[in-house]
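Q: Mind having a look at this structure? Questions to follow.
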Amino acid sequence: MGKGKADLLRGTLDLLILKTLTLEPMHGLGISRRIEQTTRGVFQVQAGSLFPALKRLEQEDWIEGEWGESENNRRAKYYRLTTTGQRRLGQETDNWAQVTVAITRVLEAT
Amino acid sequence: MSLLSRIRGTLKSLFLKQTLDRDLDEELNSYLDLLAEEKVSAGMTPEQARRKARLELGGVEQVKEQVREQRLGASIDTFAQDVRYGARSLRKNRGLTIVAVLILAIGIGANTTLFSTVSAALIGGLPYEEPDRLVAGRKSRDGAPAGPVSRVDYFDYRDQSELFEGLALIGTNTTQHTVTGGTQSELVESAPVTWNLFSLLGLSPALGRGFLPEEEAMGGAAVTVISYSLWQSRYGGSPDVLDSTINVDGYPLAIVGVMPAGFEFIFDADAWRLIDLDGPWDQVRDSHSHWVVGRLKPEVTLDQAQSELDAISAGLQQLYPETNEGKGLMIVGLQDFMVYSIRSSLLVLMGTTALVLLIACANVAGLLLARGQRRMSEMAMRAALGASRWRLVRQLITESIILTTIAGALGVWLAYLLQDLIEQVMPMGDLGVNPPAINGGVLLFAVGVSIATGLIVGVVPALVGTAVHPSRQLRSGVQMSEGIRGMRLRGGLVVLQVAISVVLLIGAGLLVRSLVQLSTVELGFEADNLLTAGIRIQPSKYPSAEERSLFFGSLAEEIETLPGVTSASLISKPPIRRPWTDWPIWQEEQGRPMPEDQFFVMARWVTPGYFETAGIPLFRGRDISAQDVAGAPQVVVISEMTAGTLFPDEDPLGRMVGIGWNDVGYEIVGVVGDARLNTVERVVPALYMSSAQMGDIRMGLMVRTDGDPSLLVGPIRELLRQIDPDVVLADPTAMTTVLEDSFAGFRVIMLSLGSIAGVALLLTVIGLYGVLAYNVSQRTREIGIRLAMGASQTDLIGMVVRRGLLLVGLGLLLGLASAVPGTLLMRQLLFETGTLEPSIYAIATLILGIVAALACLLPAWRTTRVNVVEVLKQE
């Protein structure tokens, strides 16, 4: 990736996708654009990582896909967070907080 | 995440694969559309937007592949796909597949065969109840194993030990008897056993009963248990046999039981006699003629039992210091005891067979490497279409495992065919262990070896073959010549094969030389034109020593009158044919030495003229004469080795010696040359007494003839029938045949190792040829250019041959260096042959060099067929 863009930690993408879907159901491109915007371009999600992640989350029953229409009347598959997905997001967020606190402590402990 | 939904997901992805694929296709298309739309609204033309979107997506196929790998159950799916694809690709490369499968089948088949034999012999268990608890006992002296056990000691061990469910005894020899009465006289062999042996093994007679404990105390209970085959042959399988008696050497014995068919324990006996408190052998503590067989109580370990026996031994040493000083009883697992004689041979064979498999692996790995080279473009194409490296590697390894699995199945079939052959050359049943069989364990072994082989031959070619750079490979459009790495690897494999072959050739060579040494060894007697046979007379018919010696004396004289006979005489045990009977001998004036200082020599008793018949030179004094009969002074003739040990600097003639366990002195009347009595391998010291003074009923006949000794078997039989129809001539055999038979086991090992080395050599040559031929085919263009530049054909041939010889030379060096320590493992199997025998090393090098040179020549000759114009036109 390079050029000021961070590598996504394994599993982090899942967290970002789940979080993004809490707002509203979205299609693949929408998810990737939203992540790009909120992170101000630090994370650019390529299709090669996005789709495997979506399929993985779908299989775990954390998100559900459904065909619908886009703003410009195009067919697109919209993903929605399930209740198990919401629970999962809660756990993941807690984990993440712990991890970042821990890592920050390590980095500050000179 | 519930287990249920996981299972549902897996099933869904397996069965609804096509639906899911279509769904994903649609989704990716819509993604592209949305992306393009975004770009159009940013001001691009629709065409530009479409192109840009595709680039950003990074290839629909790659994304799909990545999603597929993501799926649960994807691995199962890819496996099935790999297998299907692998099978197709193997079918396409039929030639290579067949060669590789055959090579591996030979390797796996040979290993499966040997494994079934080795596992049967060393770990397979004995055909008795709970064989793990069975042990065998030998005498030990100062902690080292020292042969058979004394019957008298045995009773003490049996009475005092508490950790054994039972301790039994079996003689170290069978005895031949004449059975008379009924329609014809015949010879039967009996083994002496204690009453509890059968029940200790967990066996009961098929008919009647075994021996009874009270019979042991009776002092000569006239009972016997007979074998199933004797029951069938002599009594027609009739149950009335239990009411009959059998006339053994003139004494009637009641038949109390018949053992089950196929029962043989240590000996293939026709009948079993009871060892009781009085006999038959080992009247004293320092006579040792039995093996101990024991069954440990449950949960008792060998070590615990050994400690208990050591404690009993210590007690016996105190009680009987003059006979039991330093003596103990040492136990080992019964199976180890029974296969002791073939253990080292089997392990050497197993080791060498494993080496053959290694060669086969190296060979096939070489083939796969070469094929991988040709498939580079295919791999590049697949990588470009989105297959990950791991996916390609897995694919190639699956292919080689399919290959080795087919080879494994063939190998098991081969092992099944070889089984009968192995059974014939290595009769394991005779050792008393279960015969080898292709059972579950062996199949598991074959499957394990096949898969392991698949990994061994597959991994490296797969890694090398998938190290591709798609764009470069595809752009070049032509097959690239073999990379330096692949070439080195294949070369290395050939070096390894050559090295292993050299070691195996040297091993086989050492055995061949040992056999030559054995068959040309100075025996000390003349084996040509010599007939040997056993003769038994009825003790009841010839009750006294005088009558017996008269019979044998006149028999020898009558045989000498037959045409074609030069001389005839008798000896208690003919050389090589019947070994052992070692007795102590000492100078009478010094008194009987302590047990550990006793000097044991082979004791034989002969009729006058024996040394002349056998061709043993008489150095000093006289032969045993017709006057040395019972009642006359006891005389003995000793061998040179006995004389040298007993009277190092003195004249032994006329000296008095003590022999064996009687207290009679013997006068030394002659010294004869040393002869090999027990085995061809070793000269042993000997003493010869007068048979007339021993009065034995069993003797060995030795007849020296003018021509083929077997021609005299008929006339001698006829003569015996006239003299006494109850006398049986047992097993008349030419001495040269006796010697051949004694080499039989050795010859089997030699032939096995020889053929293993042959197979190894063949595989190595195939491998070497393959590497060079492939190398030449890869370099056709280079050769064409060199020819065009003016290189002579000799230069080109030299170029190929040089490469071949370099590989062979390296392999030879490595092989010769590893043979030095490697052959040490087979030292035990060799006879009068050092493991560093230079001539064998030279011959092995020569054979390998010649064969390897031949393998180089054909590919080298091919360079001369390269057509310069055509090659250059191809560009």
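Q: Using 7 Å Cα-to-Cβ label points, what is the residue B:580/residue B:206 separation (nm, one decimal)?
A: 2.8
Q: Once you have the alpha carbon radius of gyration of segment A:12-108, what is it after dividing by 2.2 N^0.38 Å, with N set to its residue count?
A: Cα-based Rg divided by the globular estimate yields 1.16.
Q: Then there is this: Can you give the relative contact order of segment B:530-706 as a percent, counting alpha carbon pairs under 8 Å and 6+ residues apart?
A: Here the relative contact order equals 38 percent.
Q: How long are the three semi-axes of the equivalent ellipsoid for segment B:144-325, computed from the Cα gyration tensor as the root of 5 times each eigenvalue, in whole Å, largest first?
A: In descending order the semi-axes read 32, 18, 13 Å.
Q: What does the charge count near residue B:28 come to, summing +1 for each Lys or Arg and -1 for each Asp or Glu among other residues with Cβ under 13 Å from its Cβ? Please list the in-between numbers first.
A: On the way: positive: A:55, A:75, A:77, B:22, B:54, B:64, B:68; negative: B:21, B:23, B:25, B:26, B:27, B:33, B:56, B:61, B:65.
Once all neighbours under 13 Å are counted, the net charge is -2.
Q: Just the Kirkwood number for chain B, please: inverse of mean 1/r across all distinct Cα pairs, in Å, one decimal.
A: Answer for chain B: a Kirkwood hydrodynamic radius of 33.7 Å.
Q: What distance in nm lies between label points placed 7 Å from Cα along the C-beta direction at residue B:344 and residue B:816?
A: Roughly 2.8 nm, to one decimal.
Q: Show me, for segment B:823-833, the HN-Hα J-couplings you get by feeding each phi into the Karplus relation (A = 6.51, B = -1.76, C = 1.60, θ = phi - 60°), rounded to Hz, glycine and proline as x.
A: For segment B:823-833, the Karplus curve yields 6, 4, 4, 9, 3, 4, 7, 8, 10, 6, 9 Hz.
Q: Please compute one quarter of the surface area of the Cα convex hull for segment B:31-177 and express it in square nanometres.
A: 23.9
Q: Here is a further query. For chain B, what is the calculated [θ] at 222 nm in deg cm²/dmol (nearest 500), taking -39500 (n - 2.57) for each run of four or more DSSP H residues and dividing by its residue count?
A: It lands at -17500 deg cm²/dmol.
Q: Please identify the DSSP H helices in chain B that span no less than 24 Å along the helix axis (Cα) and have a mean Kyte-Doolittle hydropathy of 0.0 or more.
A: Taking the DSSP H segments of chain B (at least 24 Å long, mean hydropathy at least 0.0), we get B:94-118, B:340-374, B:389-425, B:440-465, B:484-519, B:744-778, B:793-822, B:838-863.
Q: Another question, then. Scaled to the compact-protein estimate 2.2 N^0.38 Å, what is the alpha-carbon radius of gyration of the protein assembly as shown, rounded to two decimal places?
A: Working: Rg = 41.9 Å, N = 985, 2.2 N^0.38 = 30.2 Å.
In units of the globular-protein estimate, the protein assembly as shown measures up at 1.39.
Q: Pairs A:77/B:52; A:19/B:52; B:139/B:297; A:55/A:77: which are spaced more than 24 Å apart, C-alpha to C-alpha?
A: Numbers: A:77/B:52 22 Å; A:19/B:52 29 Å; B:139/B:297 21 Å; A:55/A:77 12 Å.
As for pairs spanning more than 24 Å Cα to Cα, those are A:19/B:52.
Q: Using Cβ contacts closer than 10 Å as the measure, can you line up B:291, B:583 from fewest to most?
A: Going from least to most buried by this count: B:583, B:291.
Q: Then there is this: Using only atoms on other chains, find how many Cβ atoms lie within 10 Å of each Cβ of peptide B:33-46 and report the average.
A: That average works out to 2.
Q: Once you list every other residue whose beta carbon is under 14 Å from the beta carbon of residue B:662, what net charge do they have if Lys and Arg are +1 and Asp and Glu are -1?
A: -2
Q: Related question: With charges set only on the Cβ (+1 for Lys and Arg, -1 for Asp and Glu), what does the dipole of the protein assembly as shown come to about its Cα centre, in debye to the nearest 20? Write out the running numbers ahead of the final one.
A: Numbers: 88 positive and 105 negative charges, 1780 e Å.
Using only the charged Cβ atoms, the result is roughly 8540 debye.
Q: Given labels modelled 7 Å from the Cα in the Cβ direction, how far is it in nm from residue B:560 to residue A:40?
A: Those two pseudo-labels are separated by 12.6 nm.
Q: I'd like the orientation of helix A:83-108 relative to chain A: the angle between its Cα long axis and the longest Cα principal axis, in ° from 0 to 90, rounded to 10.
A: Between helix and principal axis, roughly 30 degrees.
Q: Among B:85, B:154, which comes first, then next, by fewest other beta-carbon atoms within 10 Å?
A: Ranking B:85, B:154 by Cβ neighbours within 10 Å, fewest first, gives B:85, B:154.
Q: Positive end of the dipole of the protein assembly as shown, charges at C-beta (+1 Lys, Arg; -1 Asp, Glu), about the Cα centre: which of A:83, B:349, B:736 has its Cα farthest in that direction?
A: A:83
Q: Expressed as a rounded percentage, what relative contact order does chain B have, with Cα pairs under 8 Å and six or more residues apart?
A: Across chain B, relative contact order equals 15 percent.
Q: Suppose the chain between residue B:851 and residue B:102 were pulled fully straight at 0.36 nm per residue; how much longer would it get relative to their current alpha carbon spacing?
A: Full extension from residue B:851 to residue B:102 adds 267.5 nm.
Q: Would you mind ranking B:180, B:736, B:404 by Cβ crowding within 10 Å, fewest neighbours first?
A: Fewest-to-most Cβ neighbours within 10 Å comes out as B:736, B:180, B:404.
Q: Something else: Take the Cα atoms of segment B:530-706, find their three principal axes, and give me the spread along each one in whole Å, biggest first.
A: If we take the Cα atoms of segment B:530-706, the spans are 47, 35, 26 Å.
Q: Let me check I've understood the local charge: for residue B:673, count other residues with C-beta under 12 angstrom from its C-beta, Lys and Arg +1, Asp and Glu -1. What total comes out?
A: It works out to a net charge of -2.
Q: While we're looking at this one, here's another question. Taking the C-alpha atoms of segment B:312-393, how large are the radius of gyration and the largest Cα-Cα span, Dmax, in Å?
A: Both quantities, over Cα of segment B:312-393: 30.5, 90 Å.
Where a number appears in this text, it was derived from the coordinates with a stated rule and is not lab data. This one's a predicted model, so the numbers in the text were calculated from it and none came from an experiment. Cβ coordinates were reconstructed from backbone atoms using ideal geometry, including for glycine residues, and neighbour counts include every protein chain displayed.
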